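Shown next, in structure tokens, is the structure this report addresses.
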Amino acid sequence: MVDRNKTLGFRFRHVKGPLFARQLGQCLIVEVVDENHCPYDCVYCPLGPTRNKSMTPREFAAIDQIKEEVKRKLHFKQQLDFVVLTGQGEPTLHQGLTNIAAWFEAHVHSRIALVTNGALLHAPHILHGVNRIDQVQLSFDAVDDETFQKIYRPHPEMRFDAHMRNLLVFRETFRHRLWLQVFLIRRVNLTPERLQKLARCIRQLCPDHVLLSIGPLPACPDYRNGISTEDRKALVRYISEATGVLTEFDDLHDGALLSPRQREAFALLERREFSLHMLAQNLSCTTAETRALLAPLLDAGAIHSRTVQNEPYYYLCHDWCRPSLKYQRIREEELPEIDFKL
């Protein structure tokens, strides 16, 4: 079997894949920071403790080396959904990040995603070309300075208020898809008061999608951070209703993450109401398969159903619409009360 990360004597240092990612499909992973450099030392980071806590942009992976590796990978002629810019640290520390994105835009016919903690999204070297990136997946777990310090353990110069202001500067500039990835930790950011703060922050940032995560912490794997299935559903429903943003759990074991086909169904229902039969035809599925696809969207409160002459019809919940149409209204509304226990 051919090792695609080490082929014919050539060792790929920065480019991995293609790999399948549940959220993005078939991806080429490009690690632009190959050392453990990051402004944060997050408690849940799979890379372990940050060895080099830095806020200074510089060129980490050489751009010419990345180009050479990508050209060799493209010889496999495999269809890509995304090129994902990430790193063994924070990718926005690479001062040539948007130049790398521009090269991909010109030479690789696939969308570009950036996985980031957002610490430097406001920096000039990022803002200058950020709209070359099609999707930003932003870790957003802190809602005030106490949670910011506890979860991120940031560079001494960093505070939550400044971080939030910087993210809003980025959001004013960035015109493409923004996903928030929120890691919930009991008694830290998973409390009624802080969930309401989280909802306010989500309203301000206007994302297209929110992914919730909850699980063991690498630094203390015995820490019990799990919650019941009913509490998961209540959390999803609360964030969805409070913000108007499609929300789900990014979780392997409960199967909650929506598949590309489920997102396709959601996109169809954004246009108009569909009968079960017509929706199945558009999705090239049986009616039974279509019912199963729609179940998570119904559970999350994203869609509703009604019956007309014994035929189920599905339609988008009134509070769910494209971000550009809904944010001004929903940002002015009072937050709903939390009516479940944590």
All but one of (1) crowded, with 23+ Cβ neighbours inside 10 Å; (2) touching an Asp or Glu at 6+ places or on another chain (Cβ under 6 Å) hold for A142; state the number of the condition that does not hold.
(2)
Note: among I214, I202, just one is out of contact with any His (no Cβ under 7 Å at 6 or more places or on another chain), buried (at least 21 other Cβ atoms within 10 Å of the Cβ) and at pLDDT below 95, namely I202
Is it the case that some residue within the range 61-83 is crowded, with 22+ Cβ neighbours inside 10 Å and under 22 Å from H163 (Cβ atoms)?
no
Exactly one of D64, D81 is charged (D, E, K, R), touching a residue at least 12 places away in the same chain (Cβ under 8 Å) and more than 30 Å from F148 (Cα to Cα), and that one is D81
Do any strands (runs of 3 or more DSSP E) entirely within the range 18-130 hold 1 or more residues that are under 21 Å from R171 (Cβ atoms) and touching a Phe, Trp or Tyr at 6+ places or on another chain (Cβ under 7 Å), and if so, which?
111-116
Applying the selection to the range 224-233, what residues are at pLDDT below 60 and exposed (fewer than 15 other Cβ atoms within 10 Å of the Cβ)?
R224
Among the residues in the range 86-94, are any in contact with a helix residue (DSSP H, G or I) (Cβ under 8 Å, 6 or more places away or on another chain), of a type in the set (A, V, I, L, M) and modelled with pLDDT of 85 or more?
no
Given (1) touching a strand residue (DSSP E or B) at 6+ places or on another chain (Cβ under 8 Å); (2) modelled with pLDDT of 85 or more, where does L293 come up short, assuming only one miss?
(1)
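The values are calculated or read from the model by the stated rules, or taken from the named source; none is laboratory data. Only a predicted model underlies this, so the values are computations on that prediction, with no experimental measurement involved. All Cβ positions, glycine included, derive from the backbone under ideal geometry; neighbour counts span all protein chains shown.
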